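Working notes for the structure below.
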Amino acid sequence: MLSKTMEEALNKQINRELYSAYLYLGMSAFFETGTMKGFAKWMRIQAKEEQAHALKIYNYVIARGGKANLLAIEAPKTKWASAGKVFEEVYAHEQKVTGMINALVELAIKEKDHATFEMLQWFVKEQVEEEEHANEILGKIKTIGDVPGHLFYLDHEMGKRE
């Protein structure tokens with residue numbers, strides 16, 4: 001059984017994961033209007049991953065006898081100056097999420113909640129990948145700059161994500 005403190009913290013994380021999905025969907029819309037379909041597809045897939053993360057925590061809360069409380073999702077911004085600015089925000093956002101996951105791990109340790117600690121290890125590993133991918137794409141954009149032809153090629157590559 002989850003403590004009330006852990007239940008509340010996990011419910012907040014469900015909200016944060018859904019916000020992440022919403023943010024990435026907003027970024028997808030930004031790229032769609034800019035005719036960068038590859039970047040848009042990458043962001044839609046990222047949004048789906050974040051929804052899956054929220055459901056993973058949601059299902060865990062239920063399995064542990066807790067109550068899932070769905071909170072209001074904050075509206076994300078919808079405009080950026082460039083593809084580079086979008087990925088600067090993606091990278092910073094993933095770093096922020098890593099901090100949130102780490103705080104949950106610390107809470108699980110404090111509460112001696114070994115089951116939650118174990119479940120959260122999946123998210124710890126996932127965040128390493130999330131930060132790595134965001135940083136890699138940001139690095140590519142910084143290398144090529146906002147040169148339309150170069151971005152067109154990168155957009156094509158981003159569209160290959162399954």
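Tell me, what is the percent relative contact order of the chain, built from C-alpha pairs under 8 Å that lie six or more residues apart?
Computed value for the chain: 31 percent relative contact order.
Return the single residue from Leu70, Leu104, Leu23 with maximal mean-square fluctuation; model: Gaussian network over the chain, springs between Cα atoms under 10 Å.
Looking only at Leu70, Leu104, Leu23, the largest GNM fluctuation is found for Leu70.
Using Stokes-Einstein with the Kirkwood hydrodynamic radius over Cα pairs, what translational diffusion coefficient do you get for segment 110-162 at 25 °C and a viscosity of 0.890 mPa s, in µm²/s rounded to a whole number?
Diffusion coefficient, whole number: 180 µm²/s.
Using Cα centres only, tell me the gap between segment 1-46 and segment 89-142 in whole Å.
Centre-to-centre (Cα) distance: 14 Å.
Dipole of the chain (Lys/Arg Cβ +1, Asp/Glu Cβ -1, origin at the Cα centre): which of Ala72, Val147, Val61 lies farthest to the positive side?
It is Ala72.
Grab the eigenvalues of the alpha-carbon gyration tensor for segment 4-158, scale each by 5, take roots, and send me the semi-axes largest first in whole angstrom.
In descending order the semi-axes read 33, 16, 11 Å.
Quick check on my link table: of Lys77/Lys160; Lys77/Lys110; Lys12/Lys56, which ones sit more than 24 Å apart, alpha carbon to alpha carbon?
Over 24 Å apart, Cα to Cα: Lys77/Lys160; Lys77/Lys110.
Specify the residue with the greatest mean-square fluctuation among Ala52, Ala72, Ala92, computed from a Gaussian network of the chain linking alpha-carbon atoms under 10 Å apart.
Ala72
Can you give the charge dipole size of the chain about its Cα centre, rounded to the nearest 20 debye, using +1 on the beta carbon of Lys and Arg and -1 on the beta carbon of Asp and Glu?
360 debye
Taken together, the values in this text are just the output of simple stated rules run on the coordinates, not laboratory data. Keep in mind that this is a model prediction, so the values were computed, not measured. Methodologically, a virtual Cβ is constructed for each residue, glycine included, from the backbone with ideal geometry; neighbour enumeration extends over all protein chains shown.
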